[in-house]
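The structure appears right after this line, and notes come after that.
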Amino acid sequence: MCGIFCFSSNEEINSNTGVNGLKKLEYRGYDSFGAFQINNNKENLTKEIGEVEKFSFPEEIKTKYFLSHTRWATHGKVTKENSHPHLSNDSNIIIVHNGIIENFQELKDSLVYKGYKFKSQTDTEVISNLIQEELTTQNNFLQATNKVCKKITGRYSFVAFNVKTKEMIGVRNGSPLIVGKKGNSIFISSDAPAFFDITNTVSYIDDGQIAYINQKLNQNCIFYKLNSLEEIYKKEIKLEIENQKIHKKNFKHYMLKEIMEQKHTIKRAIETNKEAITKLANLINKKKKVYFIGCGTSAFVGQSSKYIFHDIANLKTDFEISSEFKSIQNFIDKDTIVIGLSQSGETIDTIEALEIAKSKGATTACIVNNENSTMFRICDTAIPVKAGTEIAVASTKSTTSKMAILILTAYSCINKQKIGFNELIRNQALINDMLNPGFEEHIIKIAKKFFHHKHMFVIGKGYNFTVALEGALKIKELSYINTQAFQAGELKHGSIALIEKGTPVIAIAPNDCNQNDVLTSAHEIKSRGGVIIGLSENKSEVFDEFIKVPNCKEGNLMAYTIPLQIFSYHLANFNKFNPDKPRNLAKSVTVK
Ligand code: M6R
């Protein structure tokens, strides 16, 4: 994963401009960070463990050349040595890297055989040393870097800097890299918002392309194809940055702010997308096979599509976890539509699955929050979620917006978009009412009673099983409580053995055709000592704790997801964990 932020300029820039850019990329990982720069002709390398958020250089430090990186560890522990940038043995080549070099071990072995020493356990360090090795037989940094790219395998992007010649090169081969321009200052970053304080003029580097900057030749950025080194023209795009400035407002954490934004994000998702949804519905109706794919929370939204399309449109759709898509690829052909669900649009497992679908002749579509993302650009049809930037690592508002888009798509498949739209607007009003301060206070009281537990369970049935799955993920990722979701009827076939006196079990029990079954399971659990936290429209005698949720019919998918977001947020708070940045995670998972 990781975030890259670099610049090369013909005039000195305050180094904290670079640090501030890097801070915007922390969502890509926050295990450690590092920077390389040249101040007063002296090279300066900084590496620190933890988040870059509170870091800054002394104000007077300026540089023309800056490479920085925020890390999500893949190869090697979270240590200063493993933090980027990584230097070649002669300290002339500096590398910051995102992605994975799959064949790094054999390349490392051959370099070690030639006498190279390695300071880290990372895959990255082979790139700097391979470039050094290439430069022993030729003087051309661009050609040497290109040659190294022919040797390394995997999905990656990196920026390489030559200290002697001051050339900077960005390579994209599977992980995002974007160039920003202001005069003769060139910025290279994993994501455009990192340089939005400076410029909104950008060029996207595509896979298999190189950006080359040589300030000495007074050249702007030149783009080449990898391998052939054929020069290519890249369009400069002015990105919309108006609503990219994000603040916590009066909320303690981004997560709570984003949860509360669900008072209006569902309406926005459907209001702005009526035509795009009609187009998607027409495509679904034309195809024989419909697959939804996604990871994590987006996967659970995908899984819920099975019930949404069944219940509303009487249509059969399939779902597959993106990282498992390869295993069912034989079913994919030109009569298939594969729909990727994602907040970031950069999740590599989903991108790869969409690429497989394309290669099999399928039509691809995506429902994505980040409109500047790779998925948005590679799919035949893309629907923007319009939830606004999501900063907290845990997905919240983009999740319910995706659900709303799916519900409206199902209605559109049977030419009842208007009915679906009105129903969702009614849901939005009910959710708005639900999200009042008293509701949160009530959930805080329940979280206070249960935050110290080591295990929890969530049960649901039908589409509410996917709510249970999402709720369990939220509790796990935020409060590190081992939480499992079960179909209500399935528990008794074995896992009920885990229930003991005091085990908290959350029962998702809206007033629908599955309610009786869920309540029966709750009784069976209670008889064995379990404590039932019931989410429903009406209190049942089996509930030890009760969270009242309004009846939103199909929209219950959204309405019941939200209290579980609030519950997990407060479980994290009581456990003194940062809900915005849970341990070991990153917002955007760009490695396999
Ligand atoms: O950006 P995406 O929706 O593709 O991300 C998928 C998952 O990585 C993401 O949902 C993850 O599970 C979150 N931590 C959930 O809160």
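The values are calculated or read from the model by the stated rules, or taken from the named source; none is laboratory data. As the structure is a prediction and not an experimental result, all values here were calculated from the model. Please note: Cβ atoms are built from the backbone with ideal geometry, for glycine as well, and neighbour counts cover all protein chains shown. Heavy atoms of the whole protein, side chains included, go into the accessibility calculation; ligands, DNA and RNA do not. Shrake-Rupley method; radii C 1.70, N 1.55, O 1.52, S 1.80 Å.
Things worth noting here:
- Ranking by accessible area, most exposed first, for Asp380, Asp197 with a 1.4 Å probe: Asp197, Asp380
- Net charge, Met260 excluded, C-beta distance under 11 Å - Lys, Arg +1, Asp, Glu -1: +1
- Protection-proxy order for peptides 288-298, 41-51, each taking the mean of Cβ atoms within 10 Å per residue, highest first: 288-298, 41-51
- Protection proxy ranking of 111-121, 565-575, by the mean of other Cβ atoms within 10 Å over each peptide's residues and highest first, is 565-575, 111-121.
- With every protein chain in place, the range 3-241: carbon and sulfur % of accessible area (1.4 Å): 47 percent
- Based on the convex hull around the alpha carbon atoms, the range 436-578 presents an average projected area of 7.5 nm².
- Shown here is the pair-distance distribution of the range 3-241: with all Cα-Cα distances grouped in 5 Å bins from zero up to the longest one, the shares run 1, 7, 15, 21, 22, 18, 11, 5, 1, 0, 0 percent.
- Per the Debye calculation on the range 1-124 with a single equal scatterer at every Cα and no solvent contribution, log₁₀ I(q)/I(0) for q = 0.20 Å⁻¹ amounts to -1.10.
- Among residues other than Asn422 with Cβ under 15 Å from its Cβ, the summed charge is +3 (Lys and Arg +1, Asp and Glu -1).
- Taking the helices alone, the chain has a mean residue ellipticity at 222 nm of -10500 deg cm²/dmol, built from -39,500 (n - 2.57) per DSSP H run of at least 4 residues and averaged over all its residues.
- Taking each residue as 0.36 nm, the span from Glu441 to Lys225 lengthens on full extension beyond its C-alpha to C-alpha distance by 72.1 nm.
- Pairs of alpha carbons in the chain whose separation is greater than 36 Å (percent): 40 percent
- Virtual spin-label span in nm between Lys117 and Thr79, 7 Å along Cα→Cβ: 1.5 nm
- Taking the centroid of alpha carbons for each part, the range 36-54 and the range 512-586 are 46 Å apart.
- Most to least accessible of Arg268, Arg528, Arg155, Arg172 (protein chains only, probe 1.4 Å): Arg528, Arg268, Arg155, Arg172
- With distances taken between every two different alpha-carbon atoms, the range 249-434 has a Kirkwood hydrodynamic radius of 16.3 Å.
- Accessible area expressed per residue, the chain, with surrounding protein chains retained (probe 1.4 Å, Å²): 40 Å²
- Calculated translational diffusion coefficient of the range 123-170 (20 °C, 1.002 mPa s; Stokes-Einstein with Kirkwood radius over alpha-carbon pairs) equals 196 µm²/s.
- Listed peptides 327-338, 14-25 by packing density, highest first (mean Cβ within 10 Å): 14-25, 327-338
- Mean-position separation - Cα centroids, the range 420-490 and the range 1-16, in angstrom: 42 Å
- A simple count of charges around Lys23, restricted to other residues whose Cβ falls under 11 Å of its Cβ and scoring Lys, Arg +1 and Asp, Glu -1, yields -2.
- Values of log10 I(q)/I(0) for the range 179-265 across q = 0.12, 0.15, 0.26, 0.27 Å⁻¹ run -0.52, -0.68, -1.31, -1.35, by the Debye formula with one identical scatterer at each alpha carbon and no solvent.
- Spatially, the range 202-216 and the range 237-299 are offset by 30 Å when compared through their Cα centroids.
- Of Lys501/Lys587; Lys235/Lys326; Lys108/Lys476; Lys397/Lys449, those spanning more than 29 Å from alpha-carbon to alpha-carbon: Lys501/Lys587; Lys235/Lys326; Lys108/Lys476
- Solvent-accessible area, 1.4 Å probe, carbon plus sulfur percent, for the range 343-436: 49 percent
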